Amino acid sequence: MDSNSTIILANGTFPQTDKLLSILDSAKQIICCDGAVNKLVASGREPSVIIGDLDSADENIKQQYSDKLIHIKDQYTNDLTKAVNWSLAQGIKSLIIMGATGEREDHTIANIALLSKLLSFLFLVLSSNLPPLRSLVY
C-alpha cells in the first residue's frame with residue numbers, strides 16, 4: 001500500500017496499530033464517514049471528504065470542514081455504503097477500508113455484506129486492529 005491509497009474511514013474501531021496508522025498517514029485521501037470524523041480529528045488528522053447523513057459529526061467539526069461535507073440524506077443505506085458509492089462515482093477503483101468493524105455488531109455485519117457485493121469490480125482491503133486470522137487458528 002502506497003501513498004496513492006484512498007482510505008474510507010468508517011465509524012467502527014479507529015485504527016490503533018502502528019502499521020494501520022502509518023497507512024492512514026500516507027494516504028492520498030481519507031474519505032471519512034460522518035461519525036468517524038470525530039475520531040479522525042481527535043487523532044490530529046484531517047479528512048479529505050466527510051460523507052453521510054451528517055447526524056454523527058460534531059457541530060464544530062461540521063463548521064470547520066463545511067467545504068468538505070457531502071450530505072446524503074438517504075436513510076436506507078449506511079454511511080460506508082454512501083462513501084463507497086461516492087468513491088465509485090468519482091472513478092476510484094481501489095479502496096482501503098478502515099473502521100468497518102468493531103463497535104456495533106449490526107454495522108459490522110452490514111459492512112461485511114456490502115464488501116461481499118463489491119469484490120467483483122473493486123479492489124478492496126479491509127483492515128482491522130485484530131491479528132490475522134491465521135494466527136488465531138491452532
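Laboratory data are not the source of any read-out in this text; all were calculated from the coordinates shown. Please read all numbers here as calculations on a predicted model, not as lab measurements. Ideal geometry is used to build each Cβ from the backbone, glycine not excepted, and the neighbour counts take in all protein chains shown.
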Those chymotrypsin sites (Phe, Trp or Tyr not before Pro) from the range 1-86 that are DSSP loop and have at most 16 other Cβ neighbours within 10 Å turn out to be Y76
Cross-link reach from K93 to lysines, straight Cα distance under 20 Å and at least 8 residues apart if same chain, gives K28, K82, K117
Long-range amide H partners of N11, meaning residues 5 or more apart or on another chain whose placed amide H is closer than 5 Å, are A36
In order over the range 65-74: 3J(HN,Hα) from phi, Karplus 6.51/-1.76/1.60, θ = phi - 60°, whole Hz, x for each Gly or Pro, gives 10, 4, 6, 10, 7, 10, 8, 10, 6, 3
